[in-house]
There are 2 protein chains.
Amino acid sequence: MFQFSDRMNGLSANAIREIFKYLSDPEMISFAGGMPNRDALPAEILNELSERLFRDKKIYSVLQYGATEGYLPLRESGIEFVKRVGIQGIGLDNTLVITGGQQGIDLTCKIFLNKGDCVLVEDPTYVAVLHILKTYEAKAYGVKSDADGINTDDLEEKIKRYHPKFIYLVPTFGNPTGKTYPLEKRKKILSLAERYDVVILEDDPYSHLRFGGEPVPSIKSLDTTGRVIYNTSFSKIISPGIRCGLAVADPEIISKLVLCKQATDVHTSALSAALADGFLRGGYLDPQLKKILPIYLEKKTLMREAIKKYMPKDFECTDPNGGLFIFGEFKSGKCADDYFKTALENKVAYVKGVDFYAAGDVHNSLRLNFSNSTNAQIDTGMKILGKIFG
Amino acid sequence: MFQFSDRMNGLSANAIREIFKYLSDPEMISFAGGMPNRDALPAEILNELSERLFRDKKIYSVLQYGATEGYLPLRESGIEFVKRVGIQGIGLDNTLVITGGQQGIDLTCKIFLNKGDCVLVEDPTYVAVLHILKTYEAKAYGVKSDADGINTDDLEEKIKRYHPKFIYLVPTFGNPTGKTYPLEKRKKILSLAERYDVVILEDDPYSHLRFGGEPVPSIKSLDTTGRVIYNTSFSKIISPGIRCGLAVADPEIISKLVLCKQATDVHTSALSAALADGFLRGGYLDPQLKKILPIYLEKKTLMREAIKKYMPKDFECTDPNGGLFIFGEFKSGKCADDYFKTALENKVAYVKGVDFYAAGDVHNSLRLNFSNSTNAQIDTGMKILGKIFG
């Protein structure tokens, strides 16, 4: 009946959000979403921070309209926060508070993309970016992935072929694979971006969730030409429900992002921003990470053991040093998609690997989240999947 | 240096957000923004509601990822809430929690507008909608306004001429004029929309701020064909800083809005939504309105008196029964734009009327907000403006 815009043609719910509907079933074991563990949600700390906001007079500026750039104290503490990934020498005009990392992707698309423009992504990549690109009628092209991340030869070839407006990367504990690009690869990517004058969107919600290996500096920390937009998110380290993140970029880019953010949600909830700011300033992050990272390491290890125990021999999976996901592929080429419905009927949810591929043309994989299940559920769930796939 | 998208060409900060920068000056008297009075921000109630959330186990579902449709309890209490404007017989699938009323406008544009599409607005209209339309490379055409709102003859003529995708209206205490359309006009608008098969976006952040006259049912409450999208906001009655509102529409439209919302901020802050829900369910709204409406009436009355006392004789202004704004015009046709800088230098801010006109071609007016100043500031500020314009 209604005449919707062209961008709505063929736009369907993204795979993960669709699976959400099933997750209300309390019997469902979910390896689907990227949800933090319930024990990793710092409810008591946030309660204290919230009480303090209300006790102080600060609450009035939080409850009132604020600047589109975001709650000023969080922009300040955000400058300190991103030093953890090596980003130095930035000022307030390099920062923008965003309504979750997702909004950083959406606004980047808005300021750069015309209908028909191209974006390069690692294949497989974060499913939501493919969904967002459709809402801009833009084209996503997948770049091959090696064991240590995006293949730079293929990247160069595809930059030359497609002239992308930007390259979207999750270089640390990538979604869905959990891969982390080594420093040399990061430098190579940056030099390609400089040579061919391309912007990079570095999406980094996971780097603080490192439970093994050595930290690698962000691509943004190596950027001397202002072409890297860095998105971080407080969803995985504080709370996803409060929808708060931070974009760091060249002031010219920030000013354009601000213009578009004005036209979408005016500004991010100042209450959310004030809680994130209190968390960072209060020194709660390190104790929080110290508490949750051993739990996540244990869960990842358990899941890998269960995979070895229950899944067919040709199912090979990644072994990340952080993040929330394991990605597995049937080396025999077995199509994993057909089993999805059976798995849901047997009360186990995961995400089909195919949904993470730009062209939707690779069918032998699945993404498994280990953070949001109990240890017992990990074993039971993998046992069920093992039977289904066996 | 960067190759931005076409939509960024000529996109500049919207007038009100730009003025925000000056408002940090504590000496500035601001008649500019649409900010609630500080005394109207229910900090103590929200503190109690927040404590309760944390005390209950409810906080864990608030801090975790949620459904894009929004925090379920607020969608439920929202159904009750919109009965206040006569909207009956709707279900959950008619509702979507939004990140402020502004996001409702943005998402409506996203689902309906292709580049070059037309939207009709009342002239003058809410400045942000003109800004949002630019980000979709859509065209806004202004429809003449009478003393009681949009002129329906001109509306019909422009529907026939421009074939708009939708008509954007603030029919109750409209921004910027404060006008409220009578019931007969609402019925006429709806019948035109039906005859010419056009969608209506009814933006209603102000109707609960009525301090005089009789309530008029919303256009949505009269809609039997599902073509009215109704946006409400908790910004003016609870807090703008938490960025929370509700869209009510036909389920088919809601499902499209959800697809686009997934691709922008995943969902609205569940903390903000839970506070708004607690406020509605706790029965706090009526006492809150009883407290603030007499204050707003007093301020509007004082501002009109000060206008009469200080402003030139040819300055005629609206006398709204609610909302936050008075709109004034120099009947002599005097250009008000040139005085704006002088006013800022003299520490009084307002918004130039020209910014609210679709074509930016009417220069003899200004919008004055009365809610966010002290009574003394209203007198002092108008006295200063009187001298400047005198």
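Before we move on, is A:Ala276 more than 30 Å from A:Ser12 (Cβ to Cβ), buried (at least 21 other Cβ atoms within 10 Å of the Cβ), within 19 Å of the chain's Cα centre (by Cα) and of a type in the set (A, V, I, L, M)? I'd like the intermediate steps shown before the answer.
Details: more than 30 Å from A:Ser12 (Cβ to Cβ): yes; buried (at least 21 other Cβ atoms within 10 Å of the Cβ): yes; within 19 Å of the chain's Cα centre (by Cα): yes; of a type in the set (A, V, I, L, M): yes.
So A:Ala276 passes the test.
Would you point out which residue out of A:Gly66, A:Gly33, A:Gly78, A:Gly70 is assigned to a loop (DSSP other than H, G, I, E, B) and more than 7 Å from chain B (Cβ to nearest Cβ)? Even if it seems obvious, please write down each step before you answer.
Numbers: A:Gly66 fails: more than 7 Å from chain B (Cβ to nearest Cβ); A:Gly33 fails: more than 7 Å from chain B (Cβ to nearest Cβ); A:Gly78 fails: assigned to a loop (DSSP other than H, G, I, E, B).
Testing whether each residue is assigned to a loop (DSSP other than H, G, I, E, B) and more than 7 Å from chain B (Cβ to nearest Cβ) leaves just A:Gly70.
Among the helices (runs of 4 or more DSSP H) contained in region B:84-183, which hold 1 or more residues that are away from every other protein chain (no Cβ under 11 Å)? Spell out the reasoning first.
Details: elements: B:101-112, B:127-135, B:152-162.
Filter on region B:84-183 gives B:152-162.
Identify, please: which residue in region A:122-146 is buried (at least 17 other Cβ atoms within 10 Å of the Cβ) and among the acidic types (Asp, Glu) and is, among those, farthest from the chain's Cα centre (by Cα)?
Out of the qualifying residues, it is A:Glu137.
I'd like the full set of residues that are within 14 Å of chain B (Cβ to nearest Cβ) and either of a type in the set (Phe, Trp, Tyr) or within 14 Å of A:Pro182 (Cα to Cα) (or both), limited to region A:210-234. Show your work before the answer.
Taking region A:210-234 and keeping what is within 14 Å of chain B (Cβ to nearest Cβ), we get A:223-229, A:231, A:233-234.
Residue satisfying the conditions is A:Phe234 alone.
Looking at region A:246-266, which of its residues are of a type in the set (A, V, I, L, M, F, W, C) and part of a helix (DSSP H, G or I)?
A:Ile253, A:Ile254, A:Leu257, A:Val258, A:Leu259, A:Cys260, listed by residue number.
Consider A:Ile19 carefully, then state whether it is hydrophobic (A, V, I, L, M, F, W, C) and not assigned by TED's automatic domain parsing to the domain that holds A:Leu257.
Values: hydrophobic (A, V, I, L, M, F, W, C): yes; not assigned by TED's automatic domain parsing to the domain that holds A:Leu257: yes.
It is true that A:Ile19 is hydrophobic (A, V, I, L, M, F, W, C) and not assigned by TED's automatic domain parsing to the domain that holds A:Leu257.
Counting only residues that are within 7 Å of chain B (Cβ to nearest Cβ) and farther than 22 Å from B:Phe112 by Cα, which one in region A:2-24 is modelled with the lowest pLDDT?
Residue satisfying both the conditions and the ranking: A:Arg17.
Is at least one residue of region B:325-336 surrounded by 16 or more Cβ atoms within 10 Å (Cβ to Cβ) and modelled with pLDDT under 95? Quick ask: steps written out before the conclusion?
Of region B:325-336, the ones surrounded by 16 or more Cβ atoms within 10 Å (Cβ to Cβ) are B:325-330, B:334, B:336.
Filter again for modelled with pLDDT under 95, leaving B:334, B:336.
Checked against the condition, which is being surrounded by 16 or more Cβ atoms within 10 Å (Cβ to Cβ) and modelled with pLDDT under 95, region B:325-336 yields at least one hit.
Restricting the search to region B:41-57, which residues are at the interface with another protein chain (Cβ under 10 Å from one of its Cβ atoms) and either in a loop (DSSP other than H, G, I, E, B) or not polar (S, T, N, Q) (or both)?
B:Leu41, B:Pro42, B:Ala43, B:Glu44, B:Leu46, B:Glu48, B:Glu51, B:Leu53, B:Phe54, B:Arg55, B:Lys57
May I ask you to list the residues in region A:235-266 that are more than 21 Å from the chain's Cα centre (by Cα) and more than 10 Å from chain B (Cβ to nearest Cβ)?
The one that is more than 21 Å from the chain's Cα centre (by Cα) and more than 10 Å from chain B (Cβ to nearest Cβ): A:Pro251.
Out of (1) closer than 20 Å to B:Asp123 by Cα; (2) free of Cβ contacts under 8 Å to residues at least 60 places away in the same chain; (3) not hydroxyl-bearing (Ser, Thr, Tyr), what's the single condition that is false for B:Gly322?
Going through the list (1) closer than 20 Å to B:Asp123 by Cα; (2) free of Cβ contacts under 8 Å to residues at least 60 places away in the same chain; (3) not hydroxyl-bearing (Ser, Thr, Tyr), B:Gly322 breaks only (2).
Residue by residue through region A:204-245, note down the ones that are part of a strand (DSSP E or B), hydrophobic (A, V, I, L, M, F, W, C) and within 23 Å of A:Arg38 (Cα to Cα). Explain how you work it out, then say what you get.
Step one: list which residues in region A:204-245 are part of a strand (DSSP E or B), which gives A:204, A:210, A:228-233, A:245.
From what's left, hydrophobic (A, V, I, L, M, F, W, C): A:228-229.
Those that are part of a strand (DSSP E or B), hydrophobic (A, V, I, L, M, F, W, C) and within 23 Å of A:Arg38 (Cα to Cα): none in region A:204-245.
Results for (1) surrounded by 23 or more Cβ atoms within 10 Å (Cβ to Cβ); (2) not acidic (Asp, Glu), shown as yes or no for each residue.
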{"position": "A:Ile98", "(1), (2)": "yes, yes"}
{"position": "A:Asp106", "(1), (2)": "yes, no"}
{"position": "A:Val119", "(1), (2)": "yes, yes"}
{"position": "A:Asp148", "(1), (2)": "no, no"}
{"position": "A:Asn151", "(1), (2)": "no, yes"}
{"position": "A:Asp154", "(1), (2)": "no, no"}
{"position": "A:Glu157", "(1), (2)": "no, no"}
{"position": "A:Lys160", "(1), (2)": "no, yes"}
{"position": "A:Pro164", "(1), (2)": "yes, yes"}
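Considering B:Gly104, B:Gly89, B:Gly78, B:Gly116, which residue is at pLDDT 95 or above, of a type outside the set (Val, Ile, Thr), over 15 Å from the mean Cα position of the chain (by Cα) and within 22 Å of A:Phe4 (Cα to Cα)? Give the derivation first.
Details: B:Gly104 fails: over 15 Å from the mean Cα position of the chain (by Cα); B:Gly89 fails: within 22 Å of A:Phe4 (Cα to Cα); B:Gly78 fails: within 22 Å of A:Phe4 (Cα to Cα).
Unique residue meeting the criteria: B:Gly116.
Filter region B:189-226 down to the residues that are among the acidic types (Asp, Glu) and under 15 Å from B:Gly149 (Cβ atoms), then identify the one that is surrounded by the fewest Cβ atoms within 10 Å (Cβ to Cβ). Steps first, please.
To start, the set of residues in region B:189-226 that are among the acidic types (Asp, Glu) comprises B:194, B:197, B:202-204, B:214, B:223.
Going one step further and asking which of them are under 15 Å from B:Gly149 (Cβ atoms), we end up with B:202-204.
Details: B:Glu202: 27, B:Asp203: 27, B:Asp204: 24.
Selected residue: B:Asp204.
I need a count of the residues in region B:358-380 that are within 21 Å of B:Phe211 (Cβ to Cβ) and surrounded by 16 or more Cβ atoms within 10 Å (Cβ to Cβ).
So in region B:358-380, the residues within 21 Å of B:Phe211 (Cβ to Cβ) come out as B:367-379.
Keeping just the survivors that are surrounded by 16 or more Cβ atoms within 10 Å (Cβ to Cβ) gives B:367-373, B:377-379.
Residues in region B:358-380 being within 21 Å of B:Phe211 (Cβ to Cβ) and surrounded by 16 or more Cβ atoms within 10 Å (Cβ to Cβ): 10 in total.
Results for (1) more than 22 Å from A:Gly89 (Cβ to Cβ); (2) modelled with pLDDT of 95 or more; (3) in the same structural domain as A:Phe31 (by TED's automatic domain parsing); (4) not hydroxyl-bearing (Ser, Thr, Tyr), shown as yes or no for each residue.
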position	(1), (2), (3), (4)
A:Gly212	yes, yes, no, yes
A:Ile219	no, yes, no, yes
A:Thr225	no, yes, no, no
A:Ile237	yes, yes, no, yes
A:Leu271	yes, yes, no, yes
A:Ala276	yes, yes, no, yes
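The values are calculated or read from the model by the stated rules, or taken from the named source; none is laboratory data. In this text the structure is predicted, and so the values were computed from the model without any measurement. Cβ coordinates were reconstructed from backbone atoms using ideal geometry, including for glycine residues, and neighbour counts include every protein chain displayed.
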